[in-house]
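Before any comments, here is the structure.
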Amino acid sequence: MRAVYADRPSPDAPLDALVVGERPDPEPGPGQVAVDVRAASLNMHDVWTLRGVGIKAEQFPMILGMDAAGTLEDGSEVVVYPVVNDPDWGGDRTLDPRRSMLTEDLQGSFAERVIVPKANVLPKPTSLSFAEAACLGTAWLTAYRMLTTRSGLHAGQTMLVQGASGGVSTALITLGVAAGLRVWVTGSTQEKRDLASKLGAHATFEPGARLPERVDGVFDSVGKATWSHSIKSLKPGGVLVTCGATTGEPDSAELTRIFFLQLRVIGSTMGTRQELADLLTLCETADLHPQVGLELPMEQAPEAFAAMIEGRTAGKIVLTR
């Protein structure tokens, strides 16, 4: 089958390890199902895999892709949940110390077919295209958990999203507006700030800008470049929810400000299967649609990865068949 895969770790030049070519046809084992992939979205995790982060050298070649939407053998349209748990784990799936994701222990979704546990497929909302549905399993699920499970924010409060155009950021904007919050967003270019406004943001600002007032919550996936601004933007008792550090670790944790103002700093990773099920229902009932900024056939995967690495995003980047 045709697939997009990493043939080796390439820490300094990740695109050098990217291959579009043939891989063996996979067959489901006990407790597994085969999904014929119609669309799959890119995540920074795929770039880290190309760099060899979080994966052993002997696991290559590895088909990339954590997210997918497609069909089962009977024609059912499904969305893939990308977190794979220990069968004996009974708690919050994101806290399972033995959890893995597609592209780690199992081959990924940038292929004609992907094999996943039966529990890892959920019905696709009919209101969403395959490309839109392929955005939900990682970026949108991450944003949903950050906002609804971890932040404690509620309608009428003000939230700040650091970054305007990435998959998690665009999801947070859409979900925050739908939840009745006042949504403020920072963006590095006017084009990105305009995108945030188009998605419903109530105000946009340049990175590091002084805000009209402090906010109830900040959502930060950037790390070093925005951390200090995030902490300083919070009102006393506010919450910062972080799900990543794409620019690296901050130089200072700002501990004095955190304890003196009684701020909460909360980490969040992915989401549970039930949270994805709830998110799918929300998208259906509230008619929410992920922002797809670039949609390309899988054969053009190098172009899609270059756009992600260079920060040329306007929502999710999706590969289709």
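Leaving out ligands, DNA and RNA but keeping every protein chain, what accessible area does GLU213 have, in Å² rounded to the nearest 10, with a 1.4 Å probe?
Probe radius 1.4 Å; accessible area of GLU213 about 90 Å².
Counting only protein heavy atoms and a 1.4 Å probe, tell me what percentage of segment 198-321's accessible area is made up of carbon and sulfur.
Carbon plus sulfur share of accessible area: 51 percent.
Multiply the residue separation of ALA203 and ARG264 by 0.36 nm, subtract the distance between their alpha-carbon atoms, and state the gained length in nm to one decimal.
That works out to 19.6 nm of additional length.
Sorted by mean Cβ packing within 10 Å, highest first, what order do the peptides 72-79, 200-207 take?
The peptides rank, most packed first, as 200-207, 72-79.
Measure out, as a whole number of angstrom, how far apart the alpha-carbon centroids of segment 97-152 and segment 245-308 sit.
12
What accessible area, in Å² to the nearest ten, does a 1.4 Å probe give for LYS235?
Approximately 70 Å² of LYS235 is accessible to the 1.4 Å probe.
Please give the per residue accessible area of the chain, computed with a probe of 1.4 Å over protein heavy atoms only, in Å².
Here the residues of the chain average 43 Å² of exposed surface.
Ordered by packing density, taken as the mean number of other Cβ atoms within 10 Å over each peptide's residues, highest first, how do 144-153, 249-258 rank?
144-153, 249-258
Leaving out ligands, DNA and RNA, what percent of the accessible area of segment 1-55 is carbon and sulfur, probe 1.4 Å?
Solvent-exposed carbon and sulfur of segment 1-55 make up 51 percent of the total.
Which of the lysines could a cross-linker span from LYS235 if the Cα-Cα distance has to be under 18 Å and same-chain partners fewer than 8 positions apart are dropped?
Cα-Cα hits under 18 Å: none found.
Once both labels are modelled 7 Å past Cα along the beta-carbon direction, what's the GLN32-LYS224 spacing in nm?
Placing both labels 7 Å along Cα→Cβ, they lie 3.9 nm apart.
Treat every Asp and Glu Cβ in the chain as -1 and every Lys and Arg Cβ as +1, leave all other atoms uncharged, and give the resulting dipole magnitude about the Cα centre to the nearest 20 debye.
1120
Note the angle between two axes, namely the Cα long axis of helix 167-178 and the longest principal axis of the Cα atoms of the chain, as a number of degrees from 0 to 90, rounded to the nearest 10.
Roughly 60 degrees between the two axes.
The values are calculated or read from the model by the stated rules, or taken from the named source; none is laboratory data. Note that the coordinates shown come from a computational prediction; the quantities given were computed from them, not determined experimentally. Cβ: placed from backbone, ideal geometry, glycine included. Neighbour counts: every protein chain shown. Quick note on the areas: whole protein, heavy atoms, side chains included, nothing else; ligands and nucleic acids left out. Shrake-Rupley method; radii C 1.70, N 1.55, O 1.52, S 1.80 Å.
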